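Below: one structure, written as C-alpha cells.
The values are calculated or read from the model by the stated rules, or taken from the named source; none is laboratory data. Keep in mind it's a predicted model, so treat the numbers as computed, not measured. Cβ sites come from the backbone with ideal geometry, for glycine too, and all protein chains shown count toward neighbours.
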Amino acid sequence: MSPQVIQTRLGIGACIAAAFLIFVGIPGWVSSPSNVQNIVLAPTFWPYVLSAMTGLIGLGLILAGRRTGGAASDEEVVETDGLGWPRLVALALIMALTMYALPRLGMVWTTMLVFAATAFLFRTRHRVTALICAVLIPLALYAFFAHVAGVGIPQGNFVRLP
Amino acid sequence: MSLFDSLIAGLSLVASFEAFFALFAGICIGVVGGAIPGLSATMAVALTLPFTFSLQPITGILLLLGVYKGGIFGGSIPAILIKTPGTPASSATILDGFPLAEKGEAGRALGMALWASCTADLISNLALILFAGWLASFALSFGPPEFFALILFSLTIIAGVSGESLLRGALSAMLGLLLATVGLDLVYGTNRFTFGDPNMMGGLNFIAVLIGLFAIPEIIAMAWNPTAHLGKARALGKTKVTFADYKRSFKSIVRGSLIGVFLGSIPGIGAAPSAFLSYSEARRKSPNKENFGKGEIEGVAASEAGNNGVAGATLIPLLALGVPGDVITAIIIGAFMIHGLQPGPMMFVLNVDIIYGLFIGLIVSSVFLFIVGSVAIKGFKFVADVPKRILMPAVLVLCIYGVFAVNNNIFDVGVMFVMGWVGYVMMRHHVPAAPFLIAFILGPLLEDNFRQAMLMSGSDPMILLRGPITWFFWALTVITIVAIIRGIARKAPAT
C-alpha cells in the first residue's frame, strides 16, 4: 500500500465513523437527561466534540493523502507464503472459540488448546517443545494466579484442578 | 513531615526482601524482554502488570519500574548485536554499536552501553528525587481549571509519539478519547455506549485495552508472517570495555544524562529523541567526530546515556502531576490505580512513605541494573535462541490469564482480543498505538476536570483562564502547537 492509499483510506474511514457517531451512534446510544441546563454539561457534549474532531482529522488525512506521492511504502508488511490471510482467519477463529470455551472447559484446558493451536498455526519447528510448553505454561500460570494471587480461575464443567 | 522522617518512612516500607527481590526480578525480566526483538520494554511492562495484583503496592510498582529500567538497557543488546533495536530508544545505539560489533568488538560496545546506562540511570534518579517533590508542592494549589489546562498540554505528548504522521497520531488519540467515553456519565450517571451491558458500565478495562493494543498485534503479525523474525545473533568478541574508554566518554555520558533528564521531564518527548540529541551533541564536541558512525565507543556511550537519562525523569511528571511522561509510565499509572493510589501532588501528602520508598528503590535499581546487565551481556545468546514461535503462544496465554485476573471477568478477555485486532489494523495502516493509549488514560481526566470547572463557574468558560497557572499551561500548549505546525511546514517542502 502506498502512503497515499493509506492516508486516503484512513481519512475516509474516519469521516464515515464521525458521521455515523454524530447521526446514529450518539443520538441512539448516549442517554442525556432532558433537564440539562447547559449544553457543555450534557453527557452528549464530549462525544459530539470528539466525533467532530475525528471528522476534521479524517478530512485532513484525505487532503494529506492527495498531496502525498503515490510510491509504494518500503515498510510494506511482507507475507512470504501466500497463506497469511487463511492464518489470520484461523487465529480469529481460535480467539472466538477461546471466548466460547473459557466458561465451559475452564481456563487451564482452554489455554492449553490455544497454546498448541497457535504454535502449530505459526508452523513451529519445535513441535515436542510446543506440546510440553502447552501443558506446563498454563499449569504454572494457574498455580500462580489461583494459589498465590488468589484469583478465581474458571474451572469449567468437566475436569477441575485443585 | 521532614525530609528525614519521609526517608525513614520510605525505608521502613522498602527495606524488605520482597521489595528488593521484586526490583531485581523486574530488572531481569526487563533486560530479557528488551533484548528479544519484537517483545520490547513496553510489552514486558504490560505483561508483568497482572503479576503485581497480589503484591504490596510498593513491591508491585518496584517490580514494574525494574522491568522499565531493565527493558531500556536490554533494548541496546540486539541493537548492537543484530542491528535491531529492542526498543525505539535504542535506535541511536545502532549507529556506532553495530559497526563495533562488525569489527568484532561487540563485547566492548555492550560493556560501554551498560556503564553509560547505569551512570545515566543514577543521574536521572537523583534528578527525580530533587525535582518531583518541589513540582508536587507547587501542584497542590491546582484546581479543576488548572488540571484541565495541564492535561490539555499533556495531550500534546501525542505529537512526540505519533511517529511519521501527526495526523495519524491525532486520529489514534481521537479513537482513544472516544473509547474512554464508554461507561456511565461522570456527572449524570446516564449510559454512554454501554448497549445495556453491565460489563461496560464502568468503562472498558484499562489493562485489557492496553494489552490488546500492545501485545496481541504482535501475535497477529506472527500469524501473517511466521518467519519475519528470523535473524542471526553475533558473537561478542574478546575485546572488553576499559576504564580508559569510560573516562574518555565520561563527559558525553554526563551531557547525555542531563539531556535525558531535561527531555524526559517534559511529557511526550521520550527516550529516542533524547538519545539522538545526546549522540549528535557528543559527535559535535568530540575530537574523533570523523569516527562517529563507523564504530566510535563514545557514540555508544552518548546514545545510551541519552536514552537511560530519560527513565527516571519521566517519573517526575508522573509522580508530581499524575501525567505520564511516556507510554511505559502510562502503563505504570495503571499499576498505581489498581493498588488504589492516584499519582499526583496529593500522593506526596497522603502516601509520602511510598514516594520515598520508590526513590530508595530506584537508587538501588542502578546497582542491580549493573549486576544484571553484566550477566545479560554474556547470556544474550540464550535469550535470542528462545524460539519466537513458542514465545508468542506463551505470550497469548499469559495475556489471557493476566487480563482475566484484573476483574475476574471473561468479558475483559474479549475486550483484549477485539482491541488486539484494532491494534493490528492500526499497525498495518501505520497508525501509532501510543497516542491511543495516552488519550484513553487522559481522556476521562480531561473531561472530568472540564465539567467540574464548568460546574464551579456556572458554565462560564473564562474560568479556564482564571490565573497565572492556567495562563502558563495555555501558553505552553500554544507554543507546542505552533512548534508542531512549524515542524510540519518545514518538513513539507523537504518531502
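If you go through region B:195-212 one residue at a time, do you hit one that is facing another protein chain (nearest Cβ under 9 Å) and closer than 25 Å to A:ALA52 by Cα? Checked against the condition, which is being facing another protein chain (nearest Cβ under 9 Å) and closer than 25 Å to A:ALA52 by Cα, region B:195-212 yields at least one hit. Hey, can you tell me all the residues within region B:414-449 that are facing another protein chain (nearest Cβ under 7 Å) and part of a helix (DSSP H, G or I)? Passing the criteria: B:GLY414, B:PHE417, B:ARG428, B:GLU447.
Among the conditions (1) modelled with pLDDT of 95 or more; (2) in contact with a helix residue (DSSP H, G or I) (Cβ under 7 Å, 6 or more places away or on another chain), A:GLY84 misses just one, which is (1). Look at (1) outside the structural domain of A:LEU21 (by TED's automatic domain parsing); (2) at pLDDT 90 or above; (3) not hydrophobic (A, V, I, L, M, F, W, C) and you find that A:GLU79 fails only one, number (2). Tell me, please, whether a residue that is of a type outside the set (Lys, Arg) and assigned to a loop (DSSP other than H, G, I, E, B) can be found in region B:462-475. Yes, some residue in region B:462-475 is of a type outside the set (Lys, Arg) and assigned to a loop (DSSP other than H, G, I, E, B).
With respect to (1) surrounded by fewer than 22 Cβ atoms within 10 Å (Cβ to Cβ); (2) more than 23 Å from B:SER154 (Cα to Cα), the lone exception for B:PHE404 is condition (1). Of all residues in region B:295-331, which are β-branched (Val, Ile, Thr), closer than 21 Å to B:GLY373 by Cβ and assigned to a helix (DSSP H, G or I)? Scanning region B:295-331 gives B:ILE297, B:VAL300, B:VAL310, B:ILE328. Among the residues in region B:326-342, are any more than 21 Å from B:PHE214 (Cα to Cα) and buried (at least 24 other Cβ atoms within 10 Å of the Cβ)? No, every residue in region B:326-342 fails to be more than 21 Å from B:PHE214 (Cα to Cα) and buried (at least 24 other Cβ atoms within 10 Å of the Cβ). If the condition is being out of contact with any strand residue (DSSP E or B) (no Cβ under 9 Å at 6 or more places or on another chain), β-branched (Val, Ile, Thr) and more than 7 Å from every other protein chain (Cβ to nearest Cβ), then region A:36-56 contributes A:VAL36, A:ILE39, A:VAL49. Kindly indicate the residue of region A:108-147 that is in contact with a Phe, Trp or Tyr (Cβ under 9 Å, 6 or more places away or on another chain) and within 7 Å of chain B (Cβ to nearest Cβ) and also modelled with the lowest pLDDT among those meeting that condition. So, considering only residues that are in contact with a Phe, Trp or Tyr (Cβ under 9 Å, 6 or more places away or on another chain) and within 7 Å of chain B (Cβ to nearest Cβ), the one modelled with the lowest pLDDT is A:PHE145. B:ILE488 versus (1) closer than 20 Å to A:ASN38 by Cα; (2) aliphatic (A, V, I, L, M); (3) surrounded by fewer than 20 Cβ atoms within 10 Å (Cβ to Cβ): which is the lone unmet condition? With (1) closer than 20 Å to A:ASN38 by Cα; (2) aliphatic (A, V, I, L, M); (3) surrounded by fewer than 20 Cβ atoms within 10 Å (Cβ to Cβ) applied to B:ILE488, the lone miss is (1). Checked against (1) at pLDDT below 80; (2) out of contact with any Ser or Thr (no Cβ under 9 Å at 6 or more places or on another chain), B:ALA9 meets all criteria but (1). Consider region A:12-35 and keep the residues that are small (Gly, Ala, Ser) and outside any helix (DSSP H, G or I). The one that is modelled with the lowest pLDDT is A:SER34.
Take the conditions at pLDDT below 95, within 9 Å of another protein chain (Cβ to nearest Cβ), part of a helix (DSSP H, G or I) and surrounded by 14 or more Cβ atoms within 10 Å (Cβ to Cβ) and apply them to A:GLY65. Does it pass? Criteria not met by A:GLY65.
Taking the criterion of being assigned to a loop (DSSP other than H, G, I, E, B), among the basic types (Lys, Arg) and within 30 Å of B:ARG428 (Cβ to Cβ), would at least one residue in region A:147-161 satisfy it? No, every residue in region A:147-161 fails to be assigned to a loop (DSSP other than H, G, I, E, B), among the basic types (Lys, Arg) and within 30 Å of B:ARG428 (Cβ to Cβ).
Quick check, is B:PHE370 modelled with pLDDT of 85 or more and within 14 Å of another protein chain (Cβ to nearest Cβ)? Spell out how you get there, then give the answer.
Values: modelled with pLDDT of 85 or more: yes; within 14 Å of another protein chain (Cβ to nearest Cβ): no.
Criteria not met by B:PHE370.
Close contacts from region A:100-118, counting a first residue that is within 18 Å of A:ALA143 (Cβ to Cβ) and in contact (Cβ under 8 Å) with a residue 24 or more places away in the chain and a second that is among the aromatic types (Phe, Trp, Tyr) and assigned to a helix (DSSP H, G or I), with Cβ to Cβ under 8 Å and a gap of 6+ residues or different chains, come to A:MET107/A:TYR142; A:MET107/B:TYR401; A:MET107/B:PHE404; A:VAL108/A:TYR142; A:THR111/B:TYR401. Within region B:128-155, restricting attention to residues that are out of contact with any Leu (no Cβ under 8 Å at 6 or more places or on another chain) and not in a helix (DSSP H, G or I), the residue that is surrounded by the most Cβ atoms within 10 Å (Cβ to Cβ) is B:GLY143. Only one of the numbered conditions (1) within 14 Å of chain A (Cβ to nearest Cβ); (2) surrounded by fewer than 19 Cβ atoms within 10 Å (Cβ to Cβ); (3) assigned to a helix (DSSP H, G or I) is not met by B:GLY379, and that is (1).
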